[in-house]
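Student: Below are the structure tokens for one structure; questions will follow.
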Amino acid sequence: MMKRLLLMLVLAALCAGGYAQGLKDIRINEVLVDNRSSYVDDHGNHEGWIELHNTGYSNVNIGGAYLTVRRGDLTRTYRIPKNDSRTLIPPQGYVIFFADSSSNRGTFHTNFVLDETGYLAFMDQGRNVVDSVVYDVTAQLPDVSIGWAEDTGTGAEAFGPLAGITPMQANETEEKMPAAEKFRLRDPSGVVMAITAMSVVFSALILLFFFFKNIGRLMIRATTKKEETAAATVPNAAKSAVKPERELVGEEIAAIAIALRRYEEDMHDIESHILTINRVARAYSPWSSKIYGLNNQPIRK
């Protein structure tokens with residue numbers, strides 16, 4: 001029984017730790033205090049709203065967490081219901097709560113309004129502050145929200161007035177100029193671009209030259225080392241048995257040629273080149289001999 005209880009406590013601690021770790025990715029992204037004609041809730045009313053943003057890359061369930069506003073000693077806290085699948089914020093996702101002091105209208109309606117205070121906080125189940133912002137109610141303009149945006153001067157993010165409202169999306173309201181366009185404005189003639197391109201090309205060619213040159217040297221050294229290693233492994237007796245070939249001198253070549261000539265002459269008989277033609281004494285024709293035979297009379301008995 002004791003072991004089972006300890007196991008349950010460990011599992012509960014791990015679940016709570018994982019839940020808290022996920023809630024650390026949630027931040028208050030945008031707040032609109034005076035909503036007169038911009039974004040409406042599911043009942044068609046213009047109410048102040050709070051946008052939460054999941055900055056992480058995993059789903060985060062904010063059910064059971066808290067939204068709170070405070071002014072001096074007065075604090076109003078809204079506990080987000082647990083049993084609502086819509087409280088699961090996807091990676092880089094957003095969710096909006098309407099501060100209309102009407103929590104009976106649904107999960108995304110709080111029990112406070114934003115004009116009660118200038119301090120807003122998002123807390124986990126243990127009421128530990130995950131993210132908080134401070135704003136001045138009197139400085140809020142109608143239909144102008146405040147939120148996190150990049151400071152054009154420093155490039156860092158800062159929480160302050162936005163150019164417009166951006167519910168359920170990033171707070172970048174101004175179109176950024178592409179880097180190519182900025183470079184074109186700085187170098188309208190293209191001289192810097194040409195010099196930069198040629199420098200890059202020639203630098204690459206020089207690097208390739210030295211690379212292949214060193215590769216060739218390394219390959220030659222490796223081949224020489226292998227040959228030296230192979231020569232060192234051959235026994236001395238084998239080295240002495242291998243004699244270098246000697247080149248033939250002129251006299252030896254002449255002697256070999258004469259021997260081959262005599263060998264070819266011995267293989268053929270000596271024949272006479274004189275032709276003798278004898279004339280026939282009388283002409284002979286096979287047809288005349290047959291005629292002579294036909295003139296002979298048969299022998300009668």
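Student: Of the residues Arg71, Arg127, Arg86, which single one is farther than 21 Å from Gly44 by Cβ, open to solvent by 30 Å² or more (accessible area, probe 1.4 Å) and free of Cβ contacts under 8 Å to residues at least 60 places away in the same chain?
Tutor: Selected residue: Arg71, the only one of Arg71, Arg127, Arg86 that is farther than 21 Å from Gly44 by Cβ, open to solvent by 30 Å² or more (accessible area, probe 1.4 Å) and free of Cβ contacts under 8 Å to residues at least 60 places away in the same chain.
Student: Tally the residues that are at pLDDT below 80 and open to solvent by less than 80 Å² (accessible area, probe 1.4 Å), restricting the search to the stretch 151-163.
Tutor: 4
Student: Just need a number here: residues in the stretch 184-209 that are surrounded by 10 or more Cβ atoms within 10 Å (Cβ to Cβ), in a helix (DSSP H, G or I) and not aliphatic (A, V, I, L, M).
Tutor: 6
Student: Looking only at the stretch 164-178, how many residues end up being modelled with pLDDT of 85 or more and of a type outside the set (A, V, I, L, M, F, W, C)?
Tutor: Summing the residues that are modelled with pLDDT of 85 or more and of a type outside the set (A, V, I, L, M, F, W, C) in the stretch 164-178 gives 3.
Student: Across the stretch 32-63, what is the number of residues that are over 22 Å from Thr77 (Cα atoms) and either open to solvent by less than 30 Å² (accessible area, probe 1.4 Å) or of a type in the set (Lys, Arg) (or both)?
Tutor: Total satisfying the criteria: 2.
Student: Then there's this: Which members of the stretch 108-122 meet the condition of being farther than 16 Å from Gly147 by Cα, crowded, with 17+ Cβ neighbours inside 10 Å and either of a type in the set (Ser, Thr, Tyr) or touching a Gly at 6+ places or on another chain (Cβ under 9 Å) (or both)?
Tutor: Hits for the stretch 108-122 are Thr110, Val113, Thr117.
Student: Quick check: anything in the stretch 179-187 of a type outside the set (Val, Ile, Thr), over 30 Å from Ala149 (Cα atoms) and either modelled with pLDDT of 85 or more or more than 31 Å from the chain's Cα centre (by Cα) (or both)?
Tutor: The answer is no; no qualifying residue exists.
The values are calculated or read from the model by the stated rules, or taken from the named source; none is laboratory data. This one's a predicted model, so the numbers in the text were calculated from it and none came from an experiment. As a convention, Cβ positions derive from the backbone with ideal geometry for all residues, glycine included, and neighbour counts pool all protein chains shown. The accessibility values were calculated without ligands, DNA or RNA, using every heavy atom of the protein model including side chains. Shrake-Rupley method; radii C 1.70, N 1.55, O 1.52, S 1.80 Å.
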